[in-house]
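Chemist: I'd like to ask you about the structure that follows.
What follows draws every value from the coordinates through simple rules; no lab data is involved. Every value quoted in this text rests on a predicted model; they were computed, and no experiment measured them. A quick note on method: Cβ atoms are made from the backbone with ideal geometry, for glycine too, and the neighbour counts reach across all protein chains shown.
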2 protein chains.
Amino acid sequence: MPRNKTYDNDLVLEKAMNIFWINGYEGTSVRMLEKEMGINQFSIYASFKNKKNLFINALRKYREHVIKNRFQPLLQEEAGFAQLENFLLSAATSKNGKDEKKGCLVVNTAGEIGEHDPDIALEINQYYDFIRSMILKVLQNAIKKDEIPTNTDIEKQASFFLGVMQGISVASKTMNSSQLNDFVSIALAQIE
Amino acid sequence: MPRNKTYDNDLVLEKAMNIFWINGYEGTSVRMLEKEMGINQFSIYASFKNKKNLFINALRKYREHVIKNRFQPLLQEEAGFAQLENFLLSAATSKNGKDEKKGCLVVNTAGEIGEHDPDIALEINQYYDFIRSMILKVLQNAIKKDEIPTNTDIEKQASFFLGVMQGISVASKTMNSSQLNDFVSIALAQIE
DNA sequence: TCATATTCTAAGCGTACGCTTAGAATAAAA
DNA sequence: TTTTATTCTAAGCGTACGCTTAGAATATGA
């Protein structure tokens with residue numbers, strides 16, 4: 001009986017993610033969203049309830065995005081220190097790429113909204129739980145592969161590398177490529 | 001001839017800084033500002049021109065604030081690695097203190113506004129230029145004091161520790177004290 | 001004491017915000 | 001073909017935004 005939508009939910013969500021990424025939550029108006037998503041306000045509210053819920057969905061979409069475009073090699077079953085090294089170094093040098101100038105959507109959101117909204121704070125925490133467990137797995141593999149010492153405290157190292165990644169997200173806005181590279185190189189060298 | 005102000009510019013600016021620190025730029029309305037600063041909108045605009053200019057002044061006030069409350073030991077003429085160590089470790093453990101839950105105003109601003117406003121972006125860059133030169137001086141002293149190897153590349157190390165500090169500012173919102181401590185401990189251990 | 005430059009109060013300007021709604025359009029089921 | 005559930009368009013709701021202004025209040029210099 002029903003009439004069909006003329007747009008794809010997942011596709012317009014990705015557009016929403018991008019404009020939130022560029023402008024932040026408060027900095028993105030519903031008028032900007034309807035222009036960027038290519039649908040009008042009625043459809044936005046019909047499909048995503050309200051602006052905040054759309055933003056939370058955009059945060060989840062962002063996780064899919066970075067998994068696909070950044071973390072994939074690190075999520076391979078046998079990913080080890082070589083993959084971590086490659087990931088960090090390329091994150092540092094690709095700062096001139098289109099993605100990195102915007103920083104990280106999650107870090108930006110943590111800065112802008114932080115703990116003020118519990119639903120969004122939860123989303124942020126879940127994101128970092130995911131990253132942390134990804135790093136842990138990689139470090140476990142690295143020990144198996146003899147890339148790092150057997151007695152490495154991988155829990156502590158996971159905190160360290162997570163902190164470094166968060167640092168990169170800020171530094172990508174304030175440092176040049178060579179400084180970023182120095183930062184990452186030293187972070188990587190400490191473990192060997 | 002003129003009538004005098006009933007408030008102190010510097011004092012109300014500090015109040016403004018605090019509410020911007022808590023709520024961010026967009027998240028702080030002029031109505032909130034007049035309530036917190038204890039003066040009405042006319043006085044705000046008379047003394048600070050407009051909201052953005054007030055915010056820029058608040059950013060500068062923030063620098064004074066952290067110099068006084070955080071960086072002072074690091075700015076002593078003979079400050080070395082011991083001071084850096086102490087600073088980072090206390091930044092990691094005092095996360096339950098009143099200041100650290102809010103993160104760093106400059107990092108929050110970089111996330112929220114970033115490069116969108118050139119005037120604010122300039123202020124952010126000047127802040128980090130200042131921090132970087134402070135770290136550089138400390139590392140120079142550390143070599144003199146034989147706290148770190150003579151052949152240490154202090155420029156690279158400055159980028160590293162600046163990155164770590166930016167990481168802490170984000171991590172202070174997403175990690176617990178023990179994880180933060182692990183992060184900082186490893187960052188410090190790499191240089192020795 | 002009085003004139004004057006400045007500050008204060010409080011009201012309100014125009015605009016943009018997030019969100020809703022009435023009614024026309026449309027695609028599937030009967 | 002008709003019915004019906006849903007989507008679409010476009011207009012506009014109430015509210016909060018950043019900012020301004022007219023006029024009363026007030027502290028100084030003459």
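Chemist: Using the crude model of +1 on Lys and Arg Cβ and -1 on Asp and Glu Cβ, and no other charge, please compute the dipole size for the protein assembly as shown relative to its Cα centre, in debye to 20.
Modeler: Around 1400 debye, computed over the protein assembly as shown.
Chemist: So which of A:Lys5/A:Lys35; A:Lys61/A:Lys156; A:Lys101/B:Lys49 end up more than 22 Å apart by C-alpha?
Modeler: Among A:Lys5/A:Lys35; A:Lys61/A:Lys156; A:Lys101/B:Lys49, the Cα-Cα distance tops 22 Å for A:Lys61/A:Lys156; A:Lys101/B:Lys49.
Chemist: Right, something else. Tell me what chain A gives for mean residue ellipticity at 222 nm when only DSSP H runs of n ≥ 4 count, each as -39,500 (n - 2.57), the sum divided by the residue total, rounded to 500 deg cm²/dmol.
Modeler: Computed mean residue ellipticity for chain A: -22000 deg cm²/dmol.
Chemist: Can you give me the distance in nm between label points at B:Lys145 and A:Arg31, each placed 7 Å from the Cα along the Cα-to-Cβ direction?
Modeler: Using points 7 Å along Cα→Cβ, the separation is 5.6 nm.
Chemist: While we're on this one: If the only charges are +1 at each Lys and Arg Cβ and -1 at each Asp and Glu Cβ, what is the size of the charge dipole of the range B:1-120 around the Cα centre, to the nearest 20 debye?
Modeler: The calculated dipole for the range B:1-120 is roughly 520 debye.
Chemist: What is the local net charge at B:Ala187, summed over the other residues whose Cβ is closer than 13 Å to its Cβ (Lys, Arg +1; Asp, Glu -1)?
Modeler: Every neighbour counted, the sum reads -2.
Chemist: So, one more: Just to confirm a number: summing +1 for Lys and Arg and -1 for Asp and Glu over residues other than A:Lys52 whose beta-carbon lies under 14 angstrom from that of A:Lys52, what do you get?
Modeler: Every neighbour counted, the sum reads -2.
Chemist: Expressed as an acute angle from 0 to 90° and rounded to the nearest 10, what is the orientation of the C-alpha long axis of helix A:177-189 relative to the principal long axis of chain A?
Modeler: Tilt relative to chain A: about 50 degrees.
Chemist: For the peptides B:20-30, B:101-111, what is the packing order when you average, over each peptide's residues, the other Cβ atoms within 10 Å and list the highest mean first?
Modeler: Going from most to least packed, we get B:101-111, B:20-30.
Chemist: Sticking with this structure for a sec: Restricting the calculation to Cα positions, tell me the Rg (one decimal) and the Dmax (whole number) of the range B:1-131 in Å.
Modeler: 16.4, 55
Chemist: Compute the Rg to Rh ratio over the protein assembly as shown from the alpha carbon atoms, using the Kirkwood formula for Rh, and round to two decimal places.
Modeler: When Rh is taken as the Kirkwood radius, the ratio is 1.00.
Chemist: As a test of understanding, state the convex hull volume per residue of the range B:54-96 from its alpha carbons, in Å³.
Modeler: With only Cα atoms used, the range B:54-96 gives 74 Å³ per residue.
Chemist: Additional query: Do you know the relative contact order of chain A, to the nearest whole percent, from alpha carbon pairs under 8 angstrom that are 6+ apart?
Modeler: About 23 percent, as a whole number.
Chemist: Please average, across the residues of B:181-191, the number of beta carbons from any other chain that are within 10 Å of each residue's own beta carbon, and give a whole number.
Modeler: 5
Chemist: In the range A:130-170, which residues have a backbone nitrogen under 14 Å from the label point lying 7 Å from B:Ala189's Cα in the Cα-to-Cβ direction?
Modeler: Under 14 Å, as judged by backbone N against the label point of B:Ala189, lie A:149-161 of the range A:130-170.
Chemist: To continue, here is another question. Quick check: net charge around B:Thr109, other residues with Cβ under 10 Å of its Cβ, Lys/Arg +1 and Asp/Glu -1?
Modeler: Net charge around B:Thr109: -4.
Chemist: Using the charge dipole of the range B:1-141 (Lys, Arg: +1 at Cβ; Asp, Glu: -1 at Cβ; taken about the Cα centre), state which of B:Ser133, B:Asn18, B:Leu122 has its Cα farthest towards the positive end.
Modeler: Final value for the positive-end residue is B:Asn18.
Chemist: Arrange the peptides B:179-187, B:72-80 so that the one whose residues have, on average, the most other Cβ atoms within 10 Å appears first.
Modeler: B:179-187, B:72-80
Chemist: If you don't mind, there's one more thing I want to ask. Straight-line reach from B:Lys68: which aspartates and glutamates fall under 16 Å, measuring Cα to Cα and dropping same-chain residues less than 8 apart?
Modeler: Within the straight-line limit of under 16 Å, B:Lys68 reaches these aspartates and glutamates: B:Asp10, B:Glu14, B:Glu77, B:Asp99, B:Glu100.
Chemist: Would you tell me the mean number of C-beta atoms belonging to other protein chains that fall within 10 Å of each C-beta in B:102-109, as a whole number?
Modeler: Average per residue, whole number: 4.
Chemist: In addition: Please report the relative contact order for the range B:36-133, taking Cα pairs under 8 Å with a sequence separation of at least 6, and give it as a percent rounded to a whole number.
Modeler: RCO, the range B:36-133: 22 percent.
Chemist: Quick check on packing: order B:82-89, A:41-48 by the mean number of other C-beta atoms within 10 Å, highest mean leading.
Modeler: B:82-89, A:41-48
Chemist: Ignore the peptide's own chain and count Cβ atoms of other chains within 10 Å of each Cβ in B:173-180; give me the average, rounded.
Modeler: Per residue, the average neighbour count from other chains is 6.
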